[in-house]
Amino acid sequence: MSNQPTHHFFDATAAQLSYFEWGDAGAPVIVLAHATGFHARVWDKTISALPEGYRIIAVELRGHGRSPFSEPIDAWRSIATDLGELIDSLALRDAIGVGHSMGAHCMTQVAYDMPTVFKRLLLVDPVISPPIVYEHDRHANFDGPHEHPIAARRSAFDSWQAMRDHFKDRPPYSFWQPAVLEDYCRFGLMPSESGNGYELACAPLVEASVYYFQRHGKIHHLLPEITIPVTVLRAQERSAEEWKTTNFLKSPTWEFLADQFPNGRDIYLPKFTHFIPMQSPNLVARFIADGNATLFPGEETRPPLEI
């Protein structure tokens, strides 16, 4: 897929959503939902690795990218509702639903709410954790998202190149394909309201609020009702102690998640971090295009080496 996207806005009930579209109306549809703190254009290298002949819609979830939202996000349910309203407005049917991290969680909710929309799902390291994790709130000592460490992250940069240089040698960004990091930075900044430099398009307080309200995101009871094929790509597992902390490298996905879907399958990638699409866009594109895709021999046990 090589053509440049068109950019649109949609007024949902509670938020305005930005989304990018590639391909032609009438072609098979792929809907992409990004992770917390990201934006639609982090999918660009995955999209470029897809074969021609698709209509692709990459959504910027509430408060992310060019989707404006200045207040803290109160629940993941709200984000999924926005996404569902956009999909309904586009009258999509038999689409391939793809989500990464929080985006995969929201895509799962939409698949439950709107059972005729998707023909299959690809959930890339979804933030659907073991049930017991939701019983122990690691943010219980915070008075609100403003106290989450992410709320204080650096948000101002002179340019996207300065942002890239700031992150490129720091985990998890140091594990990414350089071209994906460039897309993250190039499209992840907006001109500062002061007129000097640039600010993160997803404000740190918005990002922090997504993490803060994760504890309300238990959707395990929905999974047995989602009967379409579901593939889960899962990164390196956490230890029992690591589930008690915020770890941006290891997987937030329950190891038995795929078993909860009537037609689910698990693809385990122990040498990958949580940022699978950023490490190997080609691998993710292969699983998007082919619902029966499998790993190449040894692929799950070696780090990605794409150029």
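Quick look at the numbers
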read-out	value
Segment 81-104: number of residues that are of a type outside the set (S, T, N, Q) and under 12 Å from the mean Cα position of the chain (by Cα)	7
Count - residues of segment 96-147 that are modelled with pLDDT of 95 or more, in a helix (DSSP H, G or I) and aromatic (Phe, Trp, Tyr)	1
Residues that are over 21 Å from GLY298 (Cα atoms) and either under 17 Å from the mean Cα position of the chain (by Cα) or free of Cβ contacts under 8 Å to residues at least 60 places away in the same chain (or both), drawn from segment 228-237	VAL230
Residue that is surrounded by the fewest Cβ atoms within 10 Å (Cβ to Cβ) [pool: residues in segment 23-41 that are modelled with pLDDT under 95 and at negative phi]	ALA25
Residues that are small (Gly, Ala, Ser) and not in a loop (DSSP other than H, G, I, E, B), drawn from segment 1-50	SER18, ALA33, ALA40, SER48
Scan of segment 197-235 for residues that are touching a strand residue (DSSP E or B) at 6+ places or on another chain (Cβ under 6 Å) and either surrounded by 20 or more Cβ atoms within 10 Å (Cβ to Cβ) or of a type in the set (A, V, I, L, M) (or both), ordered by number	ALA201, ILE228, VAL230, THR231, VAL232, LEU233, ARG234
Residues (free of Cβ contacts under 8 Å to residues at least 40 places away in the same chain and either among the β-branched types (Val, Ile, Thr) or out of contact with any helix residue (DSSP H, G or I) (no Cβ under 7 Å at 6 or more places or on another chain) (or both)) located in segment 165-213	ASP165, HIS166, ASP169, ARG170, SER174, PRO178, PRO191, SER192, GLU193, SER194, GLY195, ASN196
Long-range neighbours under 8 Å by Cβ, at least six apart or interchain, first residue over 14 Å from PRO172 (Cβ atoms) within segment 267-295, second among the basic types (Lys, Arg) and assigned to a helix (DSSP H, G or I)	PRO281/LYS45; ALA293/ARG286
Matching option when the condition is within 14 Å of the chain's Cα centre (by Cα), of a type in the set (D, E, K, R) and buried (at least 18 other Cβ atoms within 10 Å of the Cβ), among ARG62, ARG55	ARG62
Filtered residues of segment 76-95 (kept if of a type in the set (Val, Ile, Thr) and in contact with a helix residue (DSSP H, G or I) (Cβ under 6 Å, 6 or more places away or on another chain))	ILE79
Segment 248-265, residues that are surrounded by fewer than 16 Cβ atoms within 10 Å (Cβ to Cβ) and either polar (S, T, N, Q) or over 17 Å from the mean Cα position of the chain (by Cα) (or both)	GLU255, PHE256, ASP259, PRO262, ASN263, ARG265
All positions within segment 162-196 that are surrounded by fewer than 18 Cβ atoms within 10 Å (Cβ to Cβ), of a type in the set (Asp, Glu) and within 29 Å of ALA285 (Cα to Cα)	ASP165, ASP169
Matching residues in segment 3-39 - criterion: being of a type in the set (Gly, Ala, Ser) and touching a residue at least 40 places away in the same chain (Cβ under 8 Å)	ALA12, ALA14, ALA15, SER18, ALA33, ALA35, GLY37
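The values are calculated or read from the model by the stated rules, or taken from the named source; none is laboratory data. Values in this document were obtained by computation on a predicted structure and should not be read as measured data. Every residue, glycine among them, receives a Cβ derived from its backbone with ideal geometry; neighbour counts consider all protein chains shown.
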